[in-house]
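Structure, as structure tokens:
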Amino acid sequence: MRPLDVLPPALAAVVPFVRGRQGRSIIGICGPPAAGKSTLSSALSEALNVHDGLSSVAVPMDGFHLSNAELERLGLTDRKGAPETFDAAGFVHLLRRLHAGEDLVYAPSYSRTLHESIGGVIPVSSDVRVIVVEGNYLLLDHGPWSSVRGLLDLVLYLDAPDRVRQDSLVRRQLAKGLDLPEARDWVFRSDERNAEVIAGTRDRADLILSRSS
């Protein structure tokens, strides 16, 4: 089952939930690295826009990655992707602005070409009905992250078999220019360490969607 194969059950959960509420809804999609969160969040937002008449925008948590220069200053380059390598407080501030329905909010994104966050690239106007927020750490219960869950109206957790995720993560590192041993080292030393943290938050989600492949 690919990420898009879980779109129907995601829509089946989100559409009635949103239609039963007044005003804006913020939907979270959480899960471990390479589970397919970005693919699902974009597809869900597009489906809401095109098929259900519900204006929607997808906003990634990855836009709050600290810069590579700052990670180097902090000595966290080898842990990029861990909770402490994000501007969690900035992410919470953005969610509060989105929750308040400000006239226009610009959200950041993340470039997998530049491997850096890019600010001000996702406009969210006040008439957007559904915001789909995706990220690894939406359900953490410590530090600034602990405020995130209360700002999300519904959270879907997307899971995938470890082997499927790990193969995808290795390919991701190979595309960055690492050789195979380096790529595997990064995945099992860093990404999978983060995945264990995220798995511990799974039970805080409203609905768990599981890919089989």
Residue-by-residue Karplus 3J(HN,Hα) for the stretch 73-90, coefficients 6.51, -1.76, 1.60, Hz, glycine and proline x
4, 7, x, 10, 4, 7, 10, 3, x, 6, x, 6, 9, 10, 7, 5, 5, x
Val121 long-range amide H proximity, modeled H, under 5 Å:
Ala107, Ser109
About its Cα centre, how strong a charge dipole does the stretch 24-88 have in debye, to the nearest 20, once Lys and Arg get +1 and Asp and Glu get -1 at the Cβ?
100 debye
Would you indicate which of (1) 8, 35, 38, 16, 2, 0; (2) 8, 25, 19, 14, 12, 10, 7, 4, 1, 0, 0; (3) 8, 29, 26, 18, 11, 5, 2, 0 is the value of P(r) over Cα pairs in 10 Å bins from 0, in percent derived from the coordinates of this structure?
(1)
Counting only residues 5 or more places away or on other chains, whose amide H sits under 5 Å from the amide H of Glu116 once H atoms are built in the peptide plane?
Ser111
Amide H of Val132: which non-local residues (sequence gap of 5 or more, or other chain) have their own amide H closer than 5 Å, using H built in the peptide plane?
Ile27, Val57, Ala58, Val59
Once the dipole of the chain is set up with Lys and Arg at +1 and Asp and Glu at -1 on Cβ about the Cα centre, which of Ala47, Tyr137, Ser147 lies farthest towards its positive end?
Ala47
Kindly write out, for the stretch 27-33 in residue order, the coupling ³J(HN,Hα) from the Karplus curve 6.51 cos²θ - 1.76 cosθ + 1.60 (θ = phi - 60°), rounded to whole Hz, with x marking Gly and Pro.
9, x, 10, 10, x, x, x
Output ³J(HN,Hα) for the stretch 167-181: one whole-Hz value per residue in order, computed from phi by the Karplus curve 6.51 cos²θ - 1.76 cosθ + 1.60 with θ = phi - 60°, and x for Gly and Pro.
4, 5, 5, 4, 4, 4, 6, 4, 5, 7, x, 6, 7, 4, x
Kindly provide the helix-only [θ] at 222 nm of the chain, computed as the sum of -39,500 (n - 2.57) over DSSP H runs of four or more divided by all residues, to the nearest 500 deg cm²/dmol?
-11000 deg cm²/dmol
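Just so you know, all these numbers are worked out from the coordinates, no wet-lab data involved. What you see is a predicted model, and the numbers here were worked out from it, not measured in a lab. Glycine also receives a Cβ, built like all others from the backbone with ideal geometry; neighbour counts cover every protein chain displayed.
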